[in-house]
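Readers should treat all values here as calculations from the given coordinates under stated rules, not as data from a laboratory. Being a predicted model, the structure only gives us computed values, none of them experimental. Every residue, glycine as well, gets a Cβ built from its backbone with ideal geometry; the counts of neighbours run over all protein chains shown.
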Amino acid sequence: MPEPTASPRLPRLVLLGKQGAGKGTQAVRLAEHYGIPHLSTGDMFREAAAAGTPLGLDAKGFMDRGFLVPDDIVIGVVEEQLAGDRAAKGFVLDGFPRTRHQAEELDRILGPNQLDLAIDLDVPTEVVLHRIAGRRVCANCGAVYHLDNPPEHDWTCDVCGGKVEQRDDDTEDAVMRRLELYEMKTLPVIQYYRRSGILAHVDASDEPDEVFKRLAELVDSYFDPGARAL
Ligand code: AMP
């Protein structure tokens with residue numbers, strides 16, 4: 001009898017980048033493309049807030065003002081998602097880690113199933129400000145639109161018919177605070193992954209299809225060491 005073919009190993013990825021860099025959009029595509037779960041801490045908190053759970057209401061207080069949710073809460077939520085051997089099956093993390101402490105804790109949670117790549121989506125600040133100011137999101141399924149690219153019918157989601165609206169934390173004040181926090185708290189995360197040798201940069205200022213093509217090429221090249229270019 002022939003040996004069963006070993007199933008290919010699935011990628012374990014972190015997407016980094018300023019708010020509005022396209023982490024959510026690209027994480028959804030990567031998850032679909034590789035058949036891996038998309039783990040977004042922001043989505044988890046928004047869902048918990050909409051459901052009115054104590055965790056959600058606690059998190060919403062921080063989110064709406066553009067502050068980070070405290071590390072112990074976020075780490076607990078991610079640990080639940082990656083418990084047991086779930087990490088071994090691949091994943092794309094979006095919005096986590098956002099502090100150096102979270103990055104260290106992620107390494108601990110992953111144990112033997114360490115990250116393959118931490119990918120920084122590079123976008124100039126003026127581009128993300130335009131993207132966020134015009135961003136509108138389906139309250140039901142999370143599909144993302146823009147004032148320049150609205151749904152077909154009167155702010156009703158093309159995908160699920162849900163109501164398309166501005167996120168509570170996409171106000172100018174909250175956005176400026178989130179960008180400041182990014183500089184202060186998340187740049188050290190980029191440093192951390194640079195030192196670990198798993199950091200890659202992708203220019204994410206172009207259209208989503210083009211950015212996705214670059215990302216998939218990068219991830220594929222990681223699993224084909226001959227073509228590897230970090
Ligand atoms: P996002 O959808 O990733 O932009 O996240 C929305 C908000 O959720 C952030 O502005 C934070 O308030 C909170 N949040 C999401 N992920 C984290 C994290 N890893 N650490 C702290 N706060 C987070």
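Need one number: % antiparallel among DSSP beta bridges in the chain, to the nearest 5. The answer is about 35 percent antiparallel.
For residue 101, neighbours were defined as the other residues whose beta-carbon sits under 15 Å from its Cβ, and their charges (Lys and Arg +1, Asp and Glu -1) total -2. Inter-label distance, residue 173 to residue 47: 3.0 nm, where each label sits 7 Å from its Cα along the C-beta direction. Solvent-free Debye calculation, one equal scatterer per alpha-carbon of region 1-129: log10 I(q)/I(0) at 0.09, 0.21 Å⁻¹ equals -0.29, -1.35. Please label the shape of region 79-123 as rounded, prolate or oblate, based on the square roots a ≥ b ≥ c of the eigenvalues of the alpha-carbon gyration tensor (a/c under 1.5 means rounded; beyond that, a/b larger than b/c means prolate, else oblate). It comes out prolate by the Cα gyration axes. In a simple Cβ point-charge model (Lys, Arg +1; Asp, Glu -1; nothing else charged), region 1-98 has a dipole of about 360 debye relative to its Cα centre. Each Lys and Arg adds +1 at its Cβ and each Asp and Glu adds -1 at its Cβ; summed about the Cα centre, the chain shows a dipole of about 480 debye. A simple spin-label model places the labels of residue 181 and residue 205 2.6 nm from each other, with each point 7 Å out along Cα-to-Cβ. Give the shape of region 83-230 as rounded, prolate or oblate, defined through the alpha-carbon gyration tensor: a ≥ b ≥ c are the square roots of its eigenvalues, a/c under 1.5 means rounded, and otherwise the shape is prolate if a/b is larger than b/c and oblate if not. Prolate is the answer for region 83-230, as a/c is 1.5 or above and a/b outweighs b/c. Going toward the positive end of the dipole of the chain, with +1 on Lys and Arg Cβ and -1 on Asp and Glu Cβ, which of 82, 109, 129 do you reach last? The residue sitting most towards the positive pole is 109. Our estimate of slack between residue 33 and residue 146, defined as 0.36 nm per intervening residue step minus the Cα-Cα distance, is 38.3 nm.
Where Lys and Arg each count +1 and Asp and Glu each count -1, what net charge lies around residue 17 among other residues with Cβ under 9 Å from its Cβ?
That works out to 0.
As a length-normalised measure over Cα pairs under 8 Å and 6 or more apart, the relative contact order of the chain settles at 27 percent. Apply the a/c threshold of 1.5 to the C-alpha gyration tensor of region 10-59 and tell me whether it is rounded, prolate or oblate. Prolate, because a/c is 1.5 or more and a/b exceeds b/c. When the chain is treated as a GNM with alpha-carbon contacts under 10 Å, the residue of 62, 212, 91 showing the greatest mean-square fluctuation is 62.
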